[in-house]
Amino acid sequence: MRNGSSSFDVAIIGGGAIGLSIGLRAAQRGLRVVVLERGEPGRGTSWVAAGMLAPVAEARLVEQSLLELSLAAAAGYPRFVEQLRATSGADPGYLSCSTLFVARDRDEAEALERELELRRGLGLAVERLRASAARVLEPALTPSLRLALEVHGDHAIDPRKLTAALTAALARAGGELRAGAAVEGVETDSSGRVEGVGLAGGELVPAAQVVIAAGAWAGGLGGIPEGARVPIHAVKGQILRLRDPSGPGLLSRVVRIAGGYIVPRGDGRYVLGATMEERGFDTTVTAGAVFELLREAIELVPGASELVIDELCAGLRPTTPDNAPAIGPGALPGLHWAVGHHRNGILLAPITAELVLAGLLGEEPPPLAERFLPTRFTGVAAGV
Ligand code: GLY
């Protein structure tokens with residue numbers, strides 16, 4: 001293997017929202033950082049993601065500790081966005097918009113009553129709205145609405161703007177980004193300690209520590225013994241990007257229905273998603289999925305039938321066997337993980353960066369982080 005450059009303190013595999021956030025934080029702490037991205041930064045799962053910042057709706061499907069992590073992430077998000085705006089000089093695409101959960105029949109209304117109790121129990125700001133009151137807030141909603149909840153703390157961000165801002169901030173902080181750098185695997189020395197990353201073509205990028213933030217593709221990396229791997233599989237999500245030719249105004253809040261969502265960008269663009277499918281690395285878009293998503297959306301917001309379809313795409317949610325992320329050092333000395341964020345990658349990117357940074361600096365993880373250590377899958381490295 002050819003030594004291609006002088007040594008880095010940390011090499012990060014993956015230039016999505018998570019890898020870029022880690023790279024930025026590490027560079028800001030004075031570490032020599034390189035982010036290795038096989039394509040263009042932010043063009044993988046982050047490119048497809050809707051960007052809902054919805055800690056309760058997305059995380060509680062898994063468990064209480066993820067809910068706590070997600071709530072902490074949501075609480076810190078506005079500050080993260082403001083710092084990113086200042087350090088990048090770019091708009092990270094944050095929209096403080098709140099979210100409406102809507103019900104059209106008795107079953108959905110009963111589910112909303114349970115949502116209401118859950119959020120009240122967590123001390124979160126939530127308002128129960130009659131259909132008429134919901135339609136005052138969002139007049140485009142169908143008159144056949146039965147009940148709605150307004151969740152004041154659930155907002156949204158445009159992940160494409162977010163990753164562009166992170167890329168700019170990383171460069172300003174002195175971090176290096178290598179686009180088109182296809183990683184073959186992690187390289188170790190004779191003692192089994194990480195010494196860098198091997199690229200396709202034979203170049204070694206030397207680094208004292210390596211972070212895997214490669215999303216659903218983490219499982220394909222070489223150089224990691226079987227017992228030191230975090231198992232990752234992909235959960236496909238098909239999604240539509242829509243645009244109102246007459247500009248903003250159809251919806252100003254995120255609207256959530258059973259199994260789906262419409263996320264406004266604030267400028268007349270909307271993201272409509274998403275399916276949940278176990279189909280490996282398939283990113284095709286199917287007629288049936290698009291039909292179902294549009295049918296639901298148009299039933300709920302009849303005016304959505306006038307929207308222009310800008311884009312159809314599918315993303316791969318990186319998922320562990322317990323649906324919770326793996327964050328921090330694993331079994332291989334010098335190797336850290338930031339994978340398996342499933343439906344929560346955009347929300348959890350900043351807090352993941354903080355937790356990974358603690359591991360890189362050899363600090364004790366906060367109690368909140370212990371449940372997410374990769375060692376629940378990999379065993380514990382000597383000396384970690
Ligand atoms: N967080 C939304 C999704 O994964 O579809």
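Taken together, the values in this text are just the output of simple stated rules run on the coordinates, not laboratory data. Predicted model only: the values in this text are computed from it and were never measured. Glycine gets a Cβ as well: all are built from the backbone with ideal geometry, and neighbour counts include every protein chain shown.
For a Förster distance of 30 Å, can you work out the FRET efficiency between the beta-carbons of residue 72 and residue 204, rounded to the nearest 0.05?
With R0 = 30 Å, the Cβ-Cβ based efficiency is 0.20.
Could you check which residue among 44, 123, 15 shows the biggest mean-square fluctuation in a GNM of the chain with a 10 Å Cα cutoff?
With Cα springs under 10 Å in the chain, the top fluctuation among 44, 123, 15 is at 123.
Pull up the DSSP beta bridges for the chain and report the antiparallel fraction as a percent, rounded to 5. Numbers along the way, then the final one.
Numbers: 50 of 72 bridges.
Just about 70 percent of them are antiparallel.
Among 228, 86, 54, which one shows the biggest mean-square fluctuation in a GNM of the chain, springs joining Cα atoms closer than 10 Å?
Most flexible of the set in this elastic network: 86.
Please compute the net charge surrounding residue 36, taking Lys and Arg as +1 and Asp and Glu as -1 over other residues with Cβ under 13 Å from its Cβ. Display every interim value, and only then the final one.
Values: positive: 38, 178; negative: 37, 40, 176, 184, 187, 203.
Residues near residue 36 contribute -4 overall.
For residue 283, which sequence-distant residues (separation of 5 or more, or a different chain) have an amide H within less than 5 Å of its own amide H, given hydrogens modelled in the peptide plane?
none
Spelling out what I want: for every residue of region 287-294, take phi, set θ = phi - 60°, compute 6.51 cos²θ - 1.76 cosθ + 1.60 (Karplus), and round to whole Hz; glycine and proline get x.
Taking θ as phi minus 60°, the curve returns 4, x, 5, 5, 4, 5, 5, 5 Hz for region 287-294.
Give me the one-decimal nm value for the distance between modelled label points at residue 130 and residue 91, 7 Å along each residue's Cα-to-Cβ direction.
3.8 nm
From the backbone phi of region 345-360, what are the Karplus-calculated ³J(HN,Hα) couplings (6.51 cos²θ - 1.76 cosθ + 1.60, θ = phi - 60°) in whole Hz, Gly and Pro given as x?
Computed from phi, the couplings for region 345-360 are x, 6, 4, 8, 4, x, 6, 4, 4, 5, 5, 5, 4, 4, x, 5 Hz.
What nm value, rounded to one decimal, do you get for the distance between residue 83 and residue 363 when each label is placed 7 Å out toward the C-beta?
1.0 nm
Calculated from DSSP H runs of 4 or more alone, at -39500 (n - 2.57) each and per residue, what is the 222 nm mean residue ellipticity of the chain, nearest 500?
-9500 deg cm²/dmol, from helical runs alone.
If the chain between residue 370 and residue 146 were fully stretched, how many nm would it gain, using 0.36 nm times the residue separation less the Cα-Cα distance?
That works out to 76.4 nm of additional length.
Which net charge results when you count Lys and Arg as +1 and Asp and Glu as -1 among the other residues whose beta-carbon is under 13 Å from that of residue 371?
In short, -3.
Please build a GNM for the chain, connecting alpha carbons under 10 Å apart, and tell me which residue among 258, 73, 353 fluctuates the most.
Top of the fluctuation ranking is 258.
Test of understanding: what is the full-extension gain from residue 267 to residue 122, defined as 0.36 nm times their sequence separation minus their Cα-Cα distance?
49.0 nm
In the chain, if the dipole is taken from +1 on Lys/Arg beta carbons and -1 on Asp/Glu beta carbons about the Cα centre, which of 171, 274, 109 is farthest to the positive end?
Farthest along the dipole direction, towards plus: 171.
Would you mind giving the average projected area, over all directions, of the Cα convex hull of the chain in nm² with one decimal?
18.3 nm²
So if we plug the beta-carbon distance of residue 113 and residue 299 into 1/(1 + (r/R0)^6) with R0 = 22 Å, what FRET efficiency do we get, rounded to 0.05? Don't jump to the answer; show the numbers that get you there.
Working: r = 22 Å, r/R0 = 0.98.
After rounding to 0.05, the efficiency reads 0.55.
For residue 211, enumerate residues with amide H under 5 Å from its amide H, sequence gap 5+ or separate chain, H modeled in the peptide plane.
11, 12, 13, 336
Indicate the gyration tensor shape class of region 164-307 (rounded, prolate or oblate), computed on the Cα atoms with a ≥ b ≥ c the square roots of the eigenvalues: a/c under 1.5 is rounded; otherwise a/b larger than b/c is prolate and the rest oblate.
Here region 164-307 falls in the prolate category.
What length, rounded to one decimal in nm, is gained on full extension from residue 191 through to residue 40, with 0.36 nm per residue of separation minus their alpha-carbon distance?
51.0 nm
Read phi for every residue in region 318-332 and hand back ³J(HN,Hα) as whole Hz from Karplus 6.51 cos²θ - 1.76 cosθ + 1.60, θ = phi - 60°, with x for Gly and Pro.
x, 9, 8, x, 9, 6, 10, x, 10, 10, x, x, x, 7, 8
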